[in-house]
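Inspection log for the structure reproduced underneath, given as C-alpha cells.
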Amino acid sequence: MIDWKLKDISFNSDNIAWHGNKHLVGNGYMGVRGTLEEYTKEQLVAVNLAGIYDKVGDGWREPVNAPNGFYGYLIVDDEVVKLPESSAEEHYVELDYRYGIFTRCTTWRLMRGNITLKSTRFVSMDDVHVGAIKTEISADFHADVKYVFGIDADVWDINGPHFDIIKVNSNGLMTVDAVTHEKNHNVSVAQKVTVEFPCEVKREEEINKAVASVSFITDLNKKYVIERYFALYTSLDCENPLEAAKEAAVTKAIEGYDTLLEKHKNAWENLWRRSEIIIEGDDKSMEALNYSLYHLHCIAPRHADNLSIAARGLSGQTYKGAVFWDTEMFILDFFIMTEPEVAKKLIKYRIDTLEGAKEKAKGYGYDGAFYAWESQENGFDACSDYNVTDVFTKRPMRTYFKDKQIHISSAIVYAMDKYISLTGDDSILKEGGAETIVECAKFYYSALIKKVCDDRYELRDVIGPDEYHERIDNNGYTNRMAKNTFRIAIEVLENEEYLGAFADREELIGKFSDAFDKIFIQQPDSEGVIPQFDGYKELEDVTVDEVRSRLIDPKEYWGGAYGVASHTKVIKQADVITWLAMYPQDFDLEVMKQNWNYYEKRTEHGSSLSACMYALVACMCNMTEEAFPLFTKSATADLAPGGKEWAGLVYIGGTHPASAGGAYMVAVEGFAGVNFKNGKLNVEPKLPESWKKMSFHITYKNVLYRVEISDNEALVTEVDDM
Ligand code: BGC
C-alpha cells in the first residue's frame, strides 16, 4: 500500500525548477509551485492563475502569476537565514498528494546553535480563493528571531512584467492590489496572520512586497507557531476583488487553520472517492498513477464555466498557459469517467470559443471553424509564427504549428462525440455543440483539395501530431480525424432537434457525405505499414540515436526546415499510432502490431504525449509487457527528473497534464481493458504481470460502477451512492 507522500530528503539547488513542478499544489483556480517560502522569482516561484492572461509589448501573451501570499523568511541574530544561500544541516520537503499539502522542514546550524523551521501549506480545494500556511519555529538556544512574511508582488514572468501598478499595504491586514498591463485586470491579495505567543509585530519595507515581521526570543526547544491566511481575487471574479480578498482573509483566519484544513481534506476525499485507483502488487505504479491523477485534480476548472486546461496546467507561464489538443485527446477521458461535470466544462470552453475559431479560419481563407493551436480566452491563438529560437543564430525560427496543425478542430469534434456517447448527455449539442461540429466539418470541407485527374480528396500542406515533419501532405491521422468529423456532422445535421431548421442543411449533408466517401485515407503498404504521410517511406531510415548523435547542440530543435529529424523517418511523437489508438477497428491486429513495431523504434518520444499512445496500442495488441515501461514513462513524467525543458532556446518546463491523462487512459482503457463497444460497458483486463489486483470506479451514462479485477477476471458492480 502507498502512503500518498513524496518525500525528498536533502537539498540540491539543481532541483529547484523540477521540484517546483513536482511539488505543485493547486485547486483549479491557482497553482502554487513547490518552491520554498523564502524563494523569489529567481527560483521560479509562481502562483499561476487559470484563465487570466496578459501581453506586454511584442512578448508572448501568457497567464498571470499572482502575488505570492506564502512569502516568508527567517532572520536569526540579525542574519538572514534562507535557502539556497544558507546551507542547511538537515532538510526535507514532502508533498502529501492525497490532499495537496506541502511541507518543508529545514534545520540550520548557526554560531549559537540549531534552529528549525517547519511549514505546512495548502491552497484550499474547498474555497479556491484561499491559501493557508502554518510555520513552526524552534531552536536549541535562545535565538533572537525575526520572521518576515507577507505577499510578494515581484513575481516571476517569462514575458512580463505584467503589473503596471502594484499597490502595497503592510499596515494591519496586508494587501497587494496589482493591475495588469493589457486589460487592466485587478489581481488582489490580502493576508491575515495569527500569532498566539508574546512577540513584537512590525511593519516592514521591501520593494513590491507587503511585508511585516514578528520578533521574539526563543525558549529552548519550544515551538513558536505562526499561521497565515491569504485570499486572492481578480476582477474577473467580482467587482471589488480587493474587498473580497480582505474579507475572505479575515474570515478564514477566524475559522482557523485546522478547520480550513479539515474542509480542504474533505473536498479532496470527495474527489478520490470516484477517482482513486488501487493496484495491489505494484506500489510504484499505484503511486505514479494516483500522483498523475492528483495533478489532474489540481488543475480542473471546477470553479468556472468557461475554462479549460492548459498544456502545462497551472505550473507557470510556459506554453503560454494555452489550451492545446492535449485536453480533448489525452485529458478528457479521465474527467468523463470520474467527474463528467468537469468534462462538460472543458467542452463548453470550446463551444464558447467558436467565434475565435471561425475568425481564424476566415483569416486563412477557409470556411467554418479552425481552432487555435494554442488557445487562450475567446479562442485567441497564442501560437506565434516563431515558436522556437535557433540555438546557433539565436534567431526566431518560422514554425508552422498554428497554420498547419489543422487536426486541432477534429479533436474537438471527437471529444464532443465521446462525451455524448459515454455520458449519454447530449445537452451540449443544443448549447452550441451542434453548430461547433458543423463549423468544424465546414472547415475541413473547405480545406479539401482534388486533382483534376483524380476523384479523391486530399488534405495537403499540413502538420500531423509529429511536429518534426512540417508541411506534409495527407497525414494519415489528420485525414482520418477529418473523415470522422464529416461523419459526426452528418449525424448532427440529420437530427433537426439540435440545429433547428436552416436553409442549407440538405446541401451540407450532401457535401459532407461526399467528403466522407472520398477523403483519402492512407492504407498499409505491402509490409503492412501505414505511411505517416505521402512520401514518408522515401525519407532516410536512421535510428533515433543516429539522429541524436548528429546534434551539435543538445538544445537544438529537431524539426523545421533544417532540423536533424526533418529529412529522416525519425518522428517526435506517436502519429499513426495515435490514429490506431483512436480507431482500433480500422485495421486488424496484425496491421496494428506491424505499425507499432515499425514506428516505435523510429519515435523519439520527444513529447510527453507519445508514450501513452504507444502503450495503449500495445495493450490492444496484447503486448502488455511492451506497454508497461511506456505506461511508467507517462505516469512518471512529473515524478522523475530529466523532463524535456527546452525547445531550441525556449524554456518549456512545467507539469505534463496530457501525460497524466494518458497514464489514466493506459491504466483504465489499456490494462483494465475498459471499453464501450456496442454501447455497453465492457471490461477486458490484461494487467501487467506485477499488478495482482486492480480496483477503481467509473461513471458511464450517469451510472457509477465499481470495477474489481483479480486474476485478469473483472467484476463490475453498480454503485448506488458514494
Ligand atoms: C507537442 C504537441 C502538444 C504540445 C503541448 C508539443 O511538444 O508536440 O503535440 O500539443 O507540446 O503539450
24 Å Cα-Cα threshold exceeded, pairs from Lys82/Lys134; Lys41/Lys82; Lys22/Lys692; Lys418/Lys677; Lys362/Lys404: Lys22/Lys692
Pairwise centroid distance, computed over Cα atoms, of the range 460-487 with the range 231-248, Å: 45
Cα-Cα separations in the range 502-554 greater than 17 Å, expressed as whole percent: 65
Peptides 185-198, 287-300, 331-344 ordered by average Cβ neighbours within 10 Å, highest first: 287-300, 331-344, 185-198
FRET efficiency estimate (nearest 0.05) - Cβ-Cβ, Asp305 to Lys701, R0 35 angstrom: 0.90
q = 0.26, 0.30 Å⁻¹, the range 228-288: log10 I(q)/I(0) [Debye, one scatterer per Cα]: -1.01, -1.09
Dipole magnitude of the chain about its Cα centre (Cβ charges: Lys, Arg +1; Asp, Glu -1), debye to nearest 20: 520
Estimated inter-spin distance, Arg460 and Asp425, nm [label 7 Å along Cα→Cβ]: 4.4
Debye equation applied to the C-alpha atoms of the range 247-363, log10 I(q)/I(0) at 0.21 Å⁻¹: -1.22
Chain lengthening between Asp534 and Ser10 when straightened (0.36 nm per residue, less Cα-Cα): 183.4 nm
Debye intensity ratio in log₁₀ form over the Cα atoms of the range 180-313, taken at each q of 0.09, 0.16, 0.17 Å⁻¹: -0.46, -1.10, -1.15
The chain - mean residue ellipticity at 222 nm from DSSP helices (-39,500 (n - 2.57) per run, n ≥ 4, rounded to 500): -9000 deg cm²/dmol
Summed residue charge, Cβ within 12 Å of Asp575's Cβ, Lys/Arg positive, Asp/Glu negative: 0
Surrounding net charge for Glu182, when Lys and Arg each add one and Asp and Glu each subtract one, Cβ distance under 14 Å: -2
At R0 = 30 Å, FRET efficiency that the Cβ-Cβ distance of Ile158 and Tyr364 yields, to 0.05: 0.60
Spin-label pair Ile207/Gln585, simplified geometry with 7 Å Cα→Cβ offset, distance in nm: 6.4
Virtual paramagnetic centre 7 Å along Cα→Cβ of Ser446, amide N under 15 Å, in the range 341-360: 354-360
Alpha-carbon Rg/Rh ratio, for the range 256-307, with Rh computed the Kirkwood way: 1.07
13 Å reach of a label modelled at Glu196, 7 Å along Cα-to-Cβ, counting backbone N of the range 135-149: none
Potential extension, Phe392-Val250 segment - 0.36 nm per residue separation minus Cα distance: 45.7 nm
Cα centroid of the range 365-389 to Cα centroid of the range 1-41, whole Å: 32
Helix axis angle, 257-275 relative to the chain longest principal axis, alpha carbon, degrees: 20
Stretch gain in nm, segment Asp126-Glu708, where the contour uses 0.36 nm per residue and the Cα spacing is subtracted: 206.5 nm
Kirkwood hydrodynamic radius over Cα pairs of the range 90-189, then Stokes diffusion coefficient at 37 °C and 0.692 mPa s, in µm²/s: 198
Computed Kirkwood radius, in angstrom, where 1/r is averaged over Cα pairs of the chain: 26.8
Leu220 versus Cys453: modelled label distance in nm, points set 7 Å from Cα along the beta carbon direction: 9.8
Positive-end extreme of charge dipole, the range 435-573 - chosen from Trp558, Leu508, Thr485 (charges on Cβ): Trp558
Net charge, Trp558 excluded, C-beta distance under 12 Å - Lys, Arg +1, Asp, Glu -1: -1
Cβ crowding within 10 Å averaged over residues, with 318-330, 505-517 ranked highest first: 318-330, 505-517
Nearest-ten-degree value, helix 340-352 long axis tilted from longest Cα axis of the chain: 70
Kirkwood-Stokes translational diffusion coefficient of the range 15-173, alpha-carbon pairs, 25 °C, 0.890 mPa s, µm²/s: 146
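The numbers here are math on the coordinates, done by the rules we state, and not lab data. Given the structure is predicted, the values throughout are model-derived calculations rather than measurements. Because the Cβ atoms are built from the backbone with ideal geometry, glycine has one as well, and the counts that use them run over all protein chains shown.
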